[in-house]
Amino acid sequence: GEDNLNGDTAKSPGKIDPKDLTSDVFDFIYRKGPMPENSNIAADTLAKMKGEFRYWYPMDLRVSAKDLIPNHLTMALYNHAAIWDDEPDMWPRGYYCNGHVQVDAEKMSKSKGNFLIMNDTVNQYSADATRFACADAGDSLDDANFSRETADSAIVSLSNEATWIVETLASSDIRTDGEYNFMDKVLVNDTNRLVQLTHSAFAGMQFREGLQSGWFEMLLARNDYRSWCQASGIPMHKSVVQKWVDSLVILICPVCPHWSEKLWKDLGKEGLAIKAPWPQSDVEDKLLTRQSAFLSSAVKSFRGLMGKAKKGWKEGAILITDTYPEWKVNTLKWMQEHHDGSSFAPTFMKDLKTWTGANLTDKKLIKYAMQFASFIKREVDEVGALAMDTELPFDQKAILEGSEAYIKAQLNMTEVKFIKLGDEAAKEVPDRVVENVTPGKPYLWLH
């Protein structure tokens with residue numbers, strides 16, 4: 001009972017005398033022993049005690065530090081196994097261990113002046129920014145690193161995002177029609193994907209991973225969408241932004257509950273954000289994810305080529321092809337034959353080396369084939385078997401042409417042509433330039 005460390009019978013809720021806590025009583029409460037005979041403790045009291053113990057046990061999770069793994073935590077497992085040798089369901093279901101906490105990658109020490117007290121930290125950075133920096137500090141057995149710069153940045157980021165969300169949803173410069181363009185669909189799909197990733201991360205207590213997908217990647221997806229819309233002269237779609245906002249507020253709520261509650265109220269939502277259900281998400285459209293990645297990587301490649309070119313280019317041509325060279329087609333077909341529908345064999349790279357050695361004579365080509373297969377294998381891991389198609393399952397030219405204004409803005413160019421190899425306009429393209437073009441990797445030709 002309360003304030004009863006000495007086992008005072010008068011203070012015990014059941015008026016239990018410690019002398020009456022016999023082995024039979026403990027076996028009944030904690031194990032599967034029979035109701036003790038001739039016990040001075042009432043049967044209904046014993047049944048209540050047993051029921052309460054069975055309600056709270058087994059231990060779902062024990063959170064501790066890594067230095068206790070070889071002693072306390074291991075002995076706890078032994079003790080449980082010894083007591084409940086015939087009932088393993090009563091053993092601890094999970095341990096979560098972490099390293100020690102550092103500050104700005106240094107061990108906390110009063111002599112260094114970097115010793116942080118929780119109350120002082122909250123007063124300096126706010127509760128949410130402190131929680132943000134703690135979540136970002138790390139999830140593994142490695143020592144976590146509380147970064148004061150991260151806490152400072154979180155204050156600015158949370159404030160800026162709240163302002164942008166409220167102003168954008170209240171703006172009249174936003175579309176409300178029912179038609180979704182390519183980038184509308186991309187942001188909805190990215191939101192669905194990141195909702196699922198964040199759920200998986202938080203369920204596994206991987207808070208840094210959850211923060212990465214539920215905040216940073218969500219912001220990056222919105223930034224790409226906003227940039228595309230601004231450059232294309234097309235307003236953002238309200239329902240798309242609304243879905244993104246509703247999801248973001250709940251995704252970050254476990255880390256920054258005060259920010260989420262304030263924004264939840266500002267958006268006119270009912271109840272509390274912390275009690276709201278997890279965002280609904282459709283299954284990720286992996287083909288759309290691949291199309292989005294295609295556009296993003298293409299623009300990144302174009303910017304790299306512009307950076308290497310002479311200054312002043314304002315016109316150029318983007319070269320596209322749907323056809324792989326024969327050695328790549330053969331590599332893809334070999335990969336298809338060695339994929340069981342869900343994964344490759346553990347000996348994939350060894351088997352690939354054997355196959356390339358037997359079917360390719362040029363050492364350079366063997367090297368390229370190995371690199372190409374490794375790249376496609378990573379694509380398969382991300383988007384599935386369609387990455388091994390010998391022809392791309394989407395129209396590259398249509399995607400690029402639909403983003404012409406965005407591409408021009410990103411490259412600071414006034415005119416961009418789109419040329420598909422094999423067409424009449426491609427005849428003037430030099431062979432040395434053609435070699436740089438493969439399916440999924442268009443090339444910016446400055447001439």
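For the stretch 380-404, enumerate the residues that are assigned to a helix (DSSP H, G or I) and closer than 18 Å to Val437 by Cβ.
We begin by selecting, within the stretch 380-404, every residue assigned to a helix (DSSP H, G or I); these are 380-383, 385-388, 396-402, 404.
Residues satisfying the conditions are Gln396, Lys397, Ala398, Ile399, Leu400, Glu401.
Counting only residues that are under 30 Å from Thr121 (Cβ atoms) and open to solvent by less than 80 Å² (accessible area, probe 1.4 Å), how many does the stretch 85-100 have? Full working, then the answer.
Taking the stretch 85-100 as the starting set, the residues that turn out to be under 30 Å from Thr121 (Cβ atoms) are 94-100.
Add one more test, that the residue is open to solvent by less than 80 Å² (accessible area, probe 1.4 Å), and what stays is 94-99.
Of the residues in that region, 6 qualify.
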* Does Tyr324 meet the test of being among the aromatic types (Phe, Trp, Tyr), under 16 Å from Gly440 (Cα atoms) and either over 27 Å from the mean Cα position of the chain (by Cα) or modelled with pLDDT under 90 (or both)? -> yes
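Check the stretch 126-146 and report whether any residue there is part of a loop (DSSP other than H, G, I, E, B), over 24 Å from Gly204 (Cβ atoms) and open to solvent by 70 Å² or more (accessible area, probe 1.4 Å).
Checked the stretch 126-146: no residue is part of a loop (DSSP other than H, G, I, E, B), over 24 Å from Gly204 (Cβ atoms) and open to solvent by 70 Å² or more (accessible area, probe 1.4 Å).
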* Asked: How many residues does the stretch 170-186 contain that are surrounded by 10 or more Cβ atoms within 10 Å (Cβ to Cβ) and farther than 23 Å from Asp266 by Cα?
  -> 7
* **Residue count, the stretch 5-23 (criterion: in a loop (DSSP other than H, G, I, E, B), open to solvent by 60 Å² or more (accessible area, probe 1.4 Å) and either touching a helix residue (DSSP H, G or I) at 6+ places or on another chain (Cβ under 7 Å) or of a type in the set (D, E, K, R) (or both))** => 2
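State yes or no: is Pro279 at pLDDT 95 or above, of a type outside the set (D, E, K, R), surrounded by fewer than 19 Cβ atoms within 10 Å (Cβ to Cβ) and in contact with a helix residue (DSSP H, G or I) (Cβ under 8 Å, 6 or more places away or on another chain)? Can you show your working first?
Values: at pLDDT 95 or above: yes; of a type outside the set (D, E, K, R): yes; surrounded by fewer than 19 Cβ atoms within 10 Å (Cβ to Cβ): no; in contact with a helix residue (DSSP H, G or I) (Cβ under 8 Å, 6 or more places away or on another chain): yes.
Considered against the rule, which asks whether it is at pLDDT 95 or above, of a type outside the set (D, E, K, R), surrounded by fewer than 19 Cβ atoms within 10 Å (Cβ to Cβ) and in contact with a helix residue (DSSP H, G or I) (Cβ under 8 Å, 6 or more places away or on another chain), Pro279 comes out as no.
Based on this model, can you work out whether Tyr30 counts as of a type outside the set (A, V, I, L, M, F, W, C), without any contact (Cβ under 8 Å) to a residue 24 or more places away in the chain and more than 30 Å from Ser147 (Cα to Cα)?
Details: of a type outside the set (A, V, I, L, M, F, W, C): yes; without any contact (Cβ under 8 Å) to a residue 24 or more places away in the chain: no; more than 30 Å from Ser147 (Cα to Cα): yes.
In short, no.
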* **Matching residues in the stretch 409-433 - criterion: being open to solvent by 50 Å² or more (accessible area, probe 1.4 Å) and either hydroxyl-bearing (Ser, Thr, Tyr) or in a helix (DSSP H, G or I) (or both)** => Ala409, Gln410, Thr414, Glu424, Ala425, Lys427, Glu428, Asp431, Arg432
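Looking only at the stretch 41-84, how many residues end up being in a loop (DSSP other than H, G, I, E, B) and either surrounded by 12 or more Cβ atoms within 10 Å (Cβ to Cβ) or at pLDDT 95 or above (or both)?
Start the filter on the stretch 41-84 by keeping residues that are in a loop (DSSP other than H, G, I, E, B), which leaves 41-42, 57-61, 84.
From the residues that got through so far, the ones that are either surrounded by 12 or more Cβ atoms within 10 Å (Cβ to Cβ) or at pLDDT 95 or above (or both) too are 41-42, 57-59, 84.
Of the residues in the stretch 41-84, 6 are in a loop (DSSP other than H, G, I, E, B) and either surrounded by 12 or more Cβ atoms within 10 Å (Cβ to Cβ) or at pLDDT 95 or above (or both).
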* Structure fact -> Exception for Met335 within (1) touching a residue at least 40 places away in the same chain (Cβ under 8 Å); (2) hydrophobic (A, V, I, L, M, F, W, C); (3) open to solvent by 30 Å² or more (accessible area, probe 1.4 Å) falls at (3)
* Structure fact -> Considering the stretch 13-47, residues that are closer than 20 Å to Glu87 by Cα and of a type in the set (Val, Ile, Thr), and then whichever is farthest from the chain's Cα centre (by Cα), we arrive at Val25
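So, in the stretch 350-369, how many residues would count as being touching a helix residue (DSSP H, G or I) at 6+ places or on another chain (Cβ under 8 Å) and either touching a residue at least 40 places away in the same chain (Cβ under 8 Å) or open to solvent by 80 Å² or more (accessible area, probe 1.4 Å) (or both)?
Start the filter on the stretch 350-369 by keeping residues that are touching a helix residue (DSSP H, G or I) at 6+ places or on another chain (Cβ under 8 Å), which leaves 352-353, 355-357, 359-360, 365-366, 368-369.
Adding the requirement that they be either touching a residue at least 40 places away in the same chain (Cβ under 8 Å) or open to solvent by 80 Å² or more (accessible area, probe 1.4 Å) (or both) leaves 353, 359, 368-369.
Summing the residues that are touching a helix residue (DSSP H, G or I) at 6+ places or on another chain (Cβ under 8 Å) and either touching a residue at least 40 places away in the same chain (Cβ under 8 Å) or open to solvent by 80 Å² or more (accessible area, probe 1.4 Å) (or both) in the stretch 350-369 gives 4.
The values are calculated or read from the model by the stated rules, or taken from the named source; none is laboratory data. Quick caveat: nothing in here was measured; it's all calculated off a predicted structure. Methodologically, a virtual Cβ is constructed for each residue, glycine included, from the backbone with ideal geometry; neighbour enumeration extends over all protein chains shown. Quick note on the areas: whole protein, heavy atoms, side chains included, nothing else; ligands and nucleic acids left out. Shrake-Rupley method; radii C 1.70, N 1.55, O 1.52, S 1.80 Å.
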